[in-house]
1. Of the residues LEU66, LEU112, only one is within 21 Å of TYR183 (Cα to Cα) and not polar (S, T, N, Q); which?
2. How many residues are touching an Asp or Glu at 6+ places or on another chain (Cβ under 9 Å) and in a helix (DSSP H, G or I) if we restrict to the range 306-321?
3. Could you say whether any residue in the range 342-349 is touching a residue at least 24 places away in the same chain (Cβ under 8 Å), hydrophobic (A, V, I, L, M, F, W, C) and surrounded by fewer than 21 Cβ atoms within 10 Å (Cβ to Cβ)?
4. So in the range 136-151, with the set limited to residues that are touching a residue at least 12 places away in the same chain (Cβ under 8 Å) and surrounded by fewer than 21 Cβ atoms within 10 Å (Cβ to Cβ), which one is nearest to the ligand (Cβ to nearest atom)?
5. Determine whether LEU6 is in a loop (DSSP other than H, G, I, E, B), crowded, with 18+ Cβ neighbours inside 10 Å and touching a residue at least 40 places away in the same chain (Cβ under 8 Å).
6. Take the residues in the range 67-87 that are under 16 Å from the mean Cα position of the chain (by Cα) and crowded, with 24+ Cβ neighbours inside 10 Å, then tell me which one is farthest from the ligand (Cβ to nearest atom).
7. How about the range 251-278: which of its residues are touching a residue at least 60 places away in the same chain (Cβ under 8 Å), under 19 Å from the mean Cα position of the chain (by Cα) and more than 16 Å from the ligand (Cβ to nearest atom)?
8. Could you pull out the residue among THR49, THR89, THR85 that is touching a Lys or Arg at 6+ places or on another chain (Cβ under 7 Å) and among the β-branched types (Val, Ile, Thr)?
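Please treat every number below as a calculation from the coordinates, not as lab data. All values reported here derive from a predicted model rather than from experimental measurement. We place every Cβ from the backbone using ideal geometry, glycine too, and count neighbours over all the protein chains shown.
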Amino acid sequence: MAVPFLDLKASFEALQPEIETALLEVARSGWYIKGQAVEQFEAEFAQYTQSKHCVGVGSGLDALVLSLRALDISAGDEVIVPANTFIATWLAVSNVGATIVPVDAGVDDYNLDIAQIAAAITPKTKAIMPVHLYGCPVNIEAITQLAKQHNLFVIEDAAQAHGATVDGQRIGSHGDLVCWSFYPGKNLGALGDGGAVTTNNLALAEKVTQLGNYGSKQKYYNEVLGVNSRLDPMQAAVLSVKLKHLDQWNHHRQMIAQRYLDGLQGLPIQLPKITKHSVPAWHLFVIAVAERDQLQAYLADRDIQTLIHYPVAPHRQKAYQHLNLNAGLFSESERYADQVLSLPIGPQLSMTNVDKVIEALEEFFR
Ligand SMILES: *Cc1c(COP(=O)(O)O)cnc(C)c1O
């Protein structure tokens, strides 16, 4: 029997009656933009993330773009971002015309190296945009402190961190604005695109709402140049159903991660680094290994599906050729692009299958 990387269909089937009821309710309500289902999910997700406000938007990328816009960040401003991230973090900064200032990942950490942030700050810096990559929280206390010292905003890319905690507090309101994606494969995933911004700042929440709703607070009166980016009520209804199960699913992911951490110890591979006092959401379980491609092929031969997040660092993408960020500039991020491999993990993955993966890895290195 094959070991799938992530079985989204199984996740749906586990909640099928509840999800179908929720979807039908929206369809029968006659109300298809904003409205009760969206308001309910926003309230629930604000509470879940221990933040005061949640604004549903069209996608994770939109959450990032609208957050930058809510802070009036634009051309001439600099934003510090991880060199090692999914490209959406970078695209958001490009989208508002601001300047991307990448900071490399750590030698033992896929997340951005906090020690290198201070040197990247200039008089033009407006914000730091940390990513809780793979669901492992960055040291957010250190980042918010640094931001305070330099009078910078913090926009967290939490697209992979639903349910992760630092010092017992959920990711959701450490930074000024926290951005979420409900892309189907995320820990909390919709049946399509969706996103949200959480914050403790009412004025910023209202700004994000307005920008995502044609720049309008009152219908047909447009004060700023907004866009159309709203969380769909169908998706909100699905997310409300799934949110009730998120902790249980994340707990299962944590058990898998612990099994991998224990079982893979001693093998010549880099394991995920867990920041002190944090509990990761374990969106992905990523190892780094020099013989990555051979290992992936070896596992595939044994019907074990793995993925690569991500094979090309943003600064080496064709889309960012114009920045002239040459090979070698962010060496750890480039090394991760060559070496990372995401092992199967998910709420429906059995421990028997986790053990199969561990055994196959042991065999490969034997
Ligand atoms: C998924 C993701 C995004 C983008 O979310 P979408 O909903 O796909 O637009 C942004 N940043 C990170 C780190 C992500 O993993």
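1. The match here is LEU66.
2. Of the residues in the range 306-321, 2 are touching an Asp or Glu at 6+ places or on another chain (Cβ under 9 Å) and in a helix (DSSP H, G or I).
3. no
4. ASN139
5. yes
6. Checking each candidate, the answer is ALA83.
7. Within the range 251-278, HIS252, ALA257, LYS273, ILE274, THR275, SER278 meet the criteria.
8. When all the criteria are applied, what remains is THR49.
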